[in-house]
Amino acid sequence: MDHVAVSRLFDYMYWVNHRLLDAADRLSTGELTAEAVTTRNLRATLVHELDVEWSWRLALQGRPIEELGEDVELRPEDYPDLGSIRRHWTRDEEEMRAWLASLTDAQLEQAVTPALSETARPLHQFLLHIVMHAAQQQADAATLLSAAGSSPGELGFLQYLRTAAHA
């Protein structure tokens with residue numbers, strides 16, 4: 001998998017994330033933390049996805065698991081409102097995009113064994129894991145948003161490609 005394809009997939013992932021956060025902006029804090037019809041409530045779903053993107057990036061960059069902190073997993077209760085989630089996610093997206101931009105096609109093919117895995121795989125496979133995991137969490141978030149009356153709208157890849165910024 002080459003750098004252009006990986007970048008496009010992350011662009012799509014972030015496009016969906018932004019649509020979800022924008023739809024969540026229309027909800028109250030109570031609606032953000034309401035009981036869920038999926039595995040987690042909306043706040044916990046968003047924080048979980050942020051956690052996966054953040055922790056895997058750090059691990060793939062070769063940072064030791066201890067650097068992630070005492071609690072490796074981000075906790076929803078540490079994000080009292082959507083603004084706190086959005087701020088952390090914005091920082092993480094900027095850091096992820098900068099790191100991805102620095103990678104070469106050869107680096108994407110190179111086998112790595114990050115702290116979160118016991119198996120060596122080409123770097124691009126771990127990056128695909130991040131994107132594919134996001135798809136599941138994004139679907140859950142979209143379901144929760146729609147149930148709360150704040151649908152994020154069409155989230156398909158072709159819709160992303162149709163948008164003026166990505167034509």
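Among the conditions (1) closer than 21 Å to residue 148 by Cβ; (2) out of contact with any Gly (no Cβ under 7 Å at 6 or more places or on another chain), the only one that residue 19 does not satisfy is (2). Among the residues making up the stretch 71-89, those that are surrounded by 14 or more Cβ atoms within 10 Å (Cβ to Cβ) and not hydrophobic (A, V, I, L, M, F, W, C) are 76, 79, 86, 88.
Candidates in the stretch 40-52 are the residues that are of a type in the set (Val, Ile, Thr) and out of contact with any His (no Cβ under 7 Å at 6 or more places or on another chain); of these, the one that is surrounded by the fewest Cβ atoms within 10 Å (Cβ to Cβ) is 47. Residues satisfying the criterion are absent from the stretch 61-70 (criterion: within 16 Å of the chain's Cα centre (by Cα) and surrounded by fewer than 20 Cβ atoms within 10 Å (Cβ to Cβ)).
Each row is one residue, and each column tells you yes or no for (1) in a helix (DSSP H, G or I); (2) out of contact with any helix residue (DSSP H, G or I) (no Cβ under 9 Å at 6 or more places or on another chain).
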| site | (1), (2) |
| --- | --- |
| 73 | no, no |
| 87 | yes, yes |
| 97 | yes, no |
| 100 | yes, no |
| 118 | no, yes |
| 130 | yes, no |
| 133 | yes, no |
| 140 | yes, no |
| 150 | no, no |
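Inside the stretch 22-39, can you point out the residues that are crowded, with 19+ Cβ neighbours inside 10 Å and part of a helix (DSSP H, G or I)? 23, 24, 32 - these are the residues of the stretch 22-39 that are crowded, with 19+ Cβ neighbours inside 10 Å and part of a helix (DSSP H, G or I). Cβ separations smaller than 6 Å between residues 6+ apart or across chains give the following pairs from the stretch 81-109 residues that are touching a residue at least 40 places away in the same chain (Cβ under 8 Å) to residues that are in a helix (DSSP H, G or I) and surrounded by fewer than 12 Cβ atoms within 10 Å (Cβ to Cβ): 81/29. Output yes when any residue across the stretch 13-21 is within 25 Å of residue 115 (Cα to Cα) and not hydroxyl-bearing (Ser, Thr, Tyr), and no when none is. There is at least one residue in the stretch 13-21 that is within 25 Å of residue 115 (Cα to Cα) and not hydroxyl-bearing (Ser, Thr, Tyr). Picking from residues in the stretch 1-42 that are in contact (Cβ under 8 Å) with a residue 60 or more places away in the chain and of a type in the set (Val, Ile, Thr), the one that is nearest to residue 163 (Cα to Cα) is 16.
FYI, it's all coordinate maths here, none of it is from the lab. Please read these numbers as outputs of a predicted model, since none were measured by experiment. FYI the Cβ positions are ideal-geometry reconstructions off the backbone, even for glycines, and counts take in every protein chain you see.
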